[in-house]
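Notes for the one structure printed next.
The values are calculated or read from the model by the stated rules, or taken from the named source; none is laboratory data. Keep in mind that what you see is a predicted model, and the values were worked out from it rather than measured. Please note: Cβ atoms are built from the backbone with ideal geometry, for glycine as well, and neighbour counts cover all protein chains shown.
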Amino acid sequence: MSIQRTNQEVKFGRTIRLGQVQDLDNAVAGEVELGSLRDTGTHLERWDGTKWQKIGPGIWANNVEEKTANYTAVVTDDVILVDATAGEVTVTLFTAVGNEGKYISVIKTDISANQVITDTFGSETINDEDDASTSTQYTSLTYVSDNTNWRVI
């Protein structure tokens, strides 16, 4: 897959604006770094402040959904781009149970002050909370299932 950087955009199949994209010019072939996450092409790593630690398989999106209204994610979703210009939007995650290690990202794409809320299936939690939210444009919240609940990475 070809990945190109143009100012604040990363192109892979379609253009996704990511805000603070770091170090794409110096990346090793097949490796992309987004803030404290790095996809090496074979697995995902998180910067712990001193070194990169492997945390799972690569997450480059095979299935990118674009939403402007409430949406219930399905297990095949990788990235959900949310435009909340018309009002608050809630994305409900599929169950964490039986999906250990599955990653999903929710990205707010618009500049409005409207919230994008990530809710959970049933009584599951996100970092021990009922939901997570943002009103900041280009904020990306990436969640991983621990087979019981969701964690923000």
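Structural remarks
- Condition met for D110 (of a type outside the set (S, T, N, Q), closer than 14 Å to S140 by Cα and at pLDDT 90 or above): yes
- Qualifying residue in the stretch 48-59 (condition: outside any loop (DSSP other than H, G, I, E, B), modelled with pLDDT under 55 and exposed (fewer than 15 other Cβ atoms within 10 Å of the Cβ)): yes
- Checking E65, E129 one by one, the residue that is under 12 Å from the mean Cα position of the chain (by Cα) and either more than 22 Å from R46 (Cβ to Cβ) or exposed (fewer than 15 other Cβ atoms within 10 Å of the Cβ) (or both) is E65 and no other.
- Qualifying positions in the stretch 105-119 - part of a strand (DSSP E or B) and either farther than 24 Å from Q53 by Cα or without any contact (Cβ under 8 Å) to a residue 12 or more places away in the chain (or both): K108, V116, I117, T118, D119
- Filter pass, R151 being among the basic types (K, R) and in contact (Cβ under 8 Å) with a residue 40 or more places away in the chain: no
- Members of the stretch 113-128 that are farther than 14 Å from L81 by Cα and either touching a helix residue (DSSP H, G or I) at 6+ places or on another chain (Cβ under 6 Å) or not charged (D, E, K, R) (or both): A113, N114, T120, F121, G122, S123, T125, I126, N127
- When restricted to residues that are more than 19 Å from A96 (Cβ to Cβ) and of a type outside the set (G, A, S), the stretch 107-149 contains 13.
- Candidates are the residues of the stretch 120-153 that are charged (D, E, K, R) and part of a loop (DSSP other than H, G, I, E, B); the one that is farthest from V74 (Cα to Cα) is D128.
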